[in-house]
Amino acid sequence: MTSFREFFNGILKQNPVFIQVLGLCPALAVSTSIDNAIGMGAATIFVLLMANLIVSLIRKQVPKKIRIPIFIVIIASFVTIASLVMQAFFPPIYKSLGIYVPLIVVNCVILGRAEAFASKNSPIKSIMDGLGMGIGFTLALLLISVIREFFGTGALKFFGTTILSTSIEPAMLFILAPGALLVMGLLLALFSQIRKKKYETTCCDVK
Amino acid sequence: MKETIQLGITLMIVTLIAGAALALTNQFTYEHIINNQKSAIEKSLSVVITADYFEESDNYFKAYDKDNNFVGMVYMIEAQGYSSIIKALVGISDNKITGVDIVEQLETPGLGANIVESEFKDQFIGKTADQVLLKKDGGEIDGVTGATISSIAITDAIKKVIEQDAITEASPMSKPEETNQTGIIIEDNITEEVNITE
């Protein structure tokens, strides 16, 4: 049951984007719409889960000296599989994510978890860690993209259907690159503020 | 030395397994991917022109109705947009546009990407070469708000293709010549068949 801790770790306490500050390239680049965030998140969850599982299964057989190339081969294979499957069954999402699907290979969340967690822990724990981190990454992407899409286009769309719209003149800046950096910066500040407060209270409770 | 070889062999085994897994996935998805591409183009073709079948060439399609009458041309155009190359199909019949469909684009979501909306695309229907210009340049097309570059890119490309089409259609010989050509091809087939039976 302790593996549930690994699962929730990735979602909040160790959130890959806001706490570990990993995988920022895709988080900044594809967070322009909710659809993109979900597509990217799903692909990342799949790759993270599978890479963690395989790395953990073969962790005792992998020679230390060549562990990184082996991890990269495993990750790259799963990314290619994910991209082929997306191309075959979800072509619209694949098209809108474009170059960022193959770039999942260099998403440091994935190599980071393989190296820091899966290569030292049991398969079950690694699966939970992969799922938690993947969902944490997806939620972070969703949060950023909801803010950017809403303020940048004045409406929220979910796979073609408008779920929320306003008549306020949209601030185009949010949908463009500077908006990504601004939103990311503000959210990072918010999260570290929350963490700081939490740390202070837990420290004093213990005393 | 021995260790190096051992590490090399280990890595080779890993890549071999990975390669086999990828080959398997490719086998499984290949047909779907090809079908998707085909059906996407077919769908776009039916949007831009009403026809029963198409004769495909390099970057255009000739459209025919069910009685083999030539109804129009569908051109595949490409234009450099703001952040991507925009690919679109343009249907032209009698020097007028019958429809435009954006096949591929990676413009900014919420701005340039709005060129795929029918609000923008459907403006082109029924327009002649002179009318295909943004309103600010004296034409009849409303650009997408906040996406001047994407709008100009696609409008210019459509203008170019309809002007080109007008040149080939305008020369009096070209159109009948085309129908003659197909006629000749059919005759050729027949003579060949006759030869075989002989």
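For this structure, a couple of remarks:
- Within the stretch A:31-77, considering residues that are in a helix (DSSP H, G or I) and among the polar types (S, T, N, Q), the one nearest to the other protein chains (Cβ to nearest Cβ): A:SER77
- For A:ILE72, the conditions (1) modelled with pLDDT of 90 or more; (2) under 17 Å from the mean Cα position of the chain (by Cα) are fulfilled apart from (2).
- Residue within the stretch A:165-183 that is touching a strand residue (DSSP E or B) at 6+ places or on another chain (Cβ under 6 Å), touching a residue at least 12 places away in the same chain (Cβ under 8 Å) and part of a strand (DSSP E or B) present: no
- Set side by side, the residues A:VAL30, A:VAL17, A:VAL55 differ, and just one is surrounded by 18 or more Cβ atoms within 10 Å (Cβ to Cβ), β-branched (Val, Ile, Thr), touching a Ser or Thr at 6+ places or on another chain (Cβ under 6 Å) and at negative phi, which is A:VAL55.
- Filtering A:LEU111, A:LEU103, A:LEU97 for residues that are under 14 Å from the mean Cα position of the chain (by Cα) and under 24 Å from B:HIS32 (Cα atoms) leaves a single hit, A:LEU103.
- When the stretch B:121-157 is filtered for residues that are among the hydrophobic types (A, V, I, L, M, F, W, C), within 18 Å of the chain's Cα centre (by Cα) and under 21 Å from B:SER84 (Cα atoms), the ones remaining, listed by number, are B:ALA153, B:ILE154, B:ALA157.
- Checking B:ASP65 against (1) within 12 Å of the chain's Cα centre (by Cα); (2) of a type outside the set (Gly, Ala, Ser); (3) surrounded by 11 or more Cβ atoms within 10 Å (Cβ to Cβ); (4) over 22 Å from A:ILE81 (Cα atoms), the condition it does not meet: (1)
- Filter result for B:ALA79 (more than 14 Å from chain A (Cβ to nearest Cβ), crowded, with 18+ Cβ neighbours inside 10 Å, of a type outside the set (Phe, Trp, Tyr) and within 13 Å of the chain's Cα centre (by Cα)): yes
- Residue in the stretch A:146-164 that is closer than 15 Å to A:PHE18 by Cβ and over 10 Å from the mean Cα position of the chain (by Cα) present: yes
- The residues of the stretch B:134-149 that are surrounded by 14 or more Cβ atoms within 10 Å (Cβ to Cβ) and touching a strand residue (DSSP E or B) at 6+ places or on another chain (Cβ under 7 Å), listed by number, are B:LEU134, B:ILE141, B:GLY143.
- When the stretch B:1-56 is filtered for residues that are touching a strand residue (DSSP E or B) at 6+ places or on another chain (Cβ under 6 Å), farther than 25 Å from A:LEU84 by Cα and small (Gly, Ala, Ser), only B:ALA51 remains.
- Test: A:ILE99 is in contact (Cβ under 8 Å) with a residue 40 or more places away in the chain, surrounded by fewer than 21 Cβ atoms within 10 Å (Cβ to Cβ) and in a helix (DSSP H, G or I): no
- Count - residues of the stretch B:104-113 that are surrounded by fewer than 23 Cβ atoms within 10 Å (Cβ to Cβ) and more than 10 Å from chain A (Cβ to nearest Cβ): 0
- Residue in the stretch B:62-72 that is closer than 25 Å to A:THR32 by Cβ and not in a helix (DSSP H, G or I) present: no
- Failed item, numbered, when A:CYS108 is tested on (1) over 19 Å from B:GLU107 (Cα atoms); (2) touching a helix residue (DSSP H, G or I) at 6+ places or on another chain (Cβ under 7 Å); (3) surrounded by fewer than 19 Cβ atoms within 10 Å (Cβ to Cβ); (4) more than 10 Å from chain B (Cβ to nearest Cβ): (2)
- Among the numbered conditions (1) farther than 30 Å from A:ALA76 by Cα; (2) over 11 Å from the mean Cα position of the chain (by Cα), the only one that B:ASN59 does not meet is (2).
Listed here are the residues, each with its yes/no results for (1) within 12 Å of another protein chain (Cβ to nearest Cβ); (2) β-branched (Val, Ile, Thr).
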residue	(1), (2)
B:GLU3	yes, no
B:GLN6	yes, no
B:ALA20	yes, no
B:PHE28	yes, no
B:SER57	no, no
B:ILE115	no, yes
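- Only one of A:ILE135, A:ILE70 that is hydrophobic (A, V, I, L, M, F, W, C) and touching a Pro at 6+ places or on another chain (Cβ under 9 Å): A:ILE70
The values are calculated or read from the model by the stated rules, or taken from the named source; none is laboratory data. Remember, predicted model here, so these are calculated numbers, not experimental data. No Cβ is skipped: glycine too gets one built from the backbone with ideal geometry, and neighbour counts run over all protein chains shown.
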